[in-house]
Amino acid sequence: MENFIENYFIVIILELIKYCLVAVPLFFFYYIRYRKDFVANKIQSENISVKDIKKEIYNSTVVFSIISLLNCLILYTPLVNYTLIYRDISDYSIIWLLLSIPAGLLIHDTYFYWMHRLLHHKKLFRRAHIIHHQSTNPTPFASYSFHYLEAIVEGLIIPLLLFIIPLHPNAVYSFVVFSFIINVYGHLGYEIAPKWFRSSFLFNVLNTSTYHNLHHSHGYGNYGLYFRFWDKILGTENPEYIRLYDEIQDRRFIKNNQEYNQKYLLIRNKQLPQYIQMAIQKEYHQNTPTLSEFISDLENLLPTTSMPKDKLDKIRHYLATEEKDYHTFQSLMDLLFSVQRIPENEDLILLRNQLKF
Ligand SMILES: [Zn+2]
Ligand SMILES: [Zn+2]
């Protein structure tokens, strides 16, 4: 018994160290130190609250204690003799050792999908899953922020795997680490998938941070943990997913530079007057801009605005007009400014007068 308690505490401490080693640096990197450099990657624009994070850290600590207990009850008691765990790699093969990790992830994804659907049943949602959904704009700290009842169901996966497939301890550790990293990525709040990912077959198979973020922002759909299979088969995938993913990646890869991020931040915070101000003072002060320069600037910023679709289409139509004249430009500006409710001011008049045609 003493041995069990000792092992239990070691496992909890290791779990918490793993959590701190991944979630804390990621949070510091994306949310504090380089926040301004990754504005284009941010999936939702709202700011996060410190109170929520404190609650998420508390919940996660409880969750890790429960998951560790469940794992220890199997691994450090006579129950281990009934599992399919093996210590000698040659009992199976290196190929199985490698394959057992994705096999574990596939089983976990299926288990998670159905468990998650069940947790969204009205009664269970209100009783337990609502805790995880309190994080509508998740950060890495939300990854393991569950109700204790949900923690029990979630934590059964390792015991379940140990009884279903032969697993070497190294495969179990690898599974735990992969699962943890993917889960934290799903709650990162930033899309960091590389550009090539969109055109590879993996895009149709794997989840992304945007994918799980939509589950949090909408409260339904995209129930899968690692893969898109089940959501696709059962029609529970959020239809907005691909559009939102492409929008974020376009933002990142078309104009991923500091100047863009700065402008984007202004537009995203509905600070178009400040953007115009910046444009006048910093960029157009020395050289009078041409109409096309200014329009191309606006064109780059348009996808980032949250304008009603019909207004956006009108602006796009203006931008697509080959022969842009002063009147077209005036209409465009009027439309933009009416949408953003920006009062006419001297700077704007100055800018309009300065434009070359
Ligand atoms: Zn959910
Ligand atoms: Zn989540």
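Only one entry of L161, L234 meets the criterion of being away from ligand 2 (no atom under 15 Å from the Cβ), within 23 Å of Y76 (Cα to Cα) and either among the hydrophobic types (A, V, I, L, M, F, W, C) or free of Cβ contacts under 8 Å to residues at least 60 places away in the same chain (or both), and that entry is L161.
Can you confirm whether F163 is surrounded by 22 or more Cβ atoms within 10 Å (Cβ to Cβ) and either in the same structural domain as S45 (by TED's automatic domain parsing) or part of a helix (DSSP H, G or I) (or both)? Give the derivation first.
Details: surrounded by 22 or more Cβ atoms within 10 Å (Cβ to Cβ): no; either in the same structural domain as S45 (by TED's automatic domain parsing) or part of a helix (DSSP H, G or I) (or both): yes.
Taking the combined requirement at face value, the residue does not satisfy it.
Note on segment 47-104: residues that are within 22 Å of the chain's Cα centre (by Cα), touching a residue at least 12 places away in the same chain (Cβ under 8 Å) and outside any helix (DSSP H, G or I) total 1. Sort out which residues of segment 172-213 are under 20 Å from D37 (Cβ atoms), in contact (Cβ under 8 Å) with a residue 40 or more places away in the chain and not in a helix (DSSP H, G or I), and write them in order of number. Hits for segment 172-213 are L188, G189, Y190, E191, I192, A193.
Can you go through L98, L69 and tell me which one is away from ligand 2 (no atom under 16 Å from the Cβ) and touching a Phe, Trp or Tyr at 6+ places or on another chain (Cβ under 8 Å)?
Numbers: L98 fails: touching a Phe, Trp or Tyr at 6+ places or on another chain (Cβ under 8 Å).
From the options L98, L69, the qualifying one is L69.
So is V62 under 23 Å from I10 (Cα atoms), surrounded by fewer than 13 Cβ atoms within 10 Å (Cβ to Cβ) and in contact with a helix residue (DSSP H, G or I) (Cβ under 7 Å, 6 or more places away or on another chain) or not? The answer is no for V62. Summed over segment 132-160, residues that are more than 16 Å from ligand 1 (Cβ to nearest atom) and not in a helix (DSSP H, G or I) total 2. For segment 197-241, taking the residues that are of a type in the set (G, A, S) and within 13 Å of ligand 1 (Cβ to nearest atom), the one that is nearest to the chain's Cα centre (by Cα) is identified as S217.
The values are calculated or read from the model by the stated rules, or taken from the named source; none is laboratory data. What you see is a predicted model, and the numbers here were worked out from it, not measured in a lab. Reconstructed Cβ throughout: ideal geometry from the backbone, glycine too, with neighbour counts over all protein chains shown.
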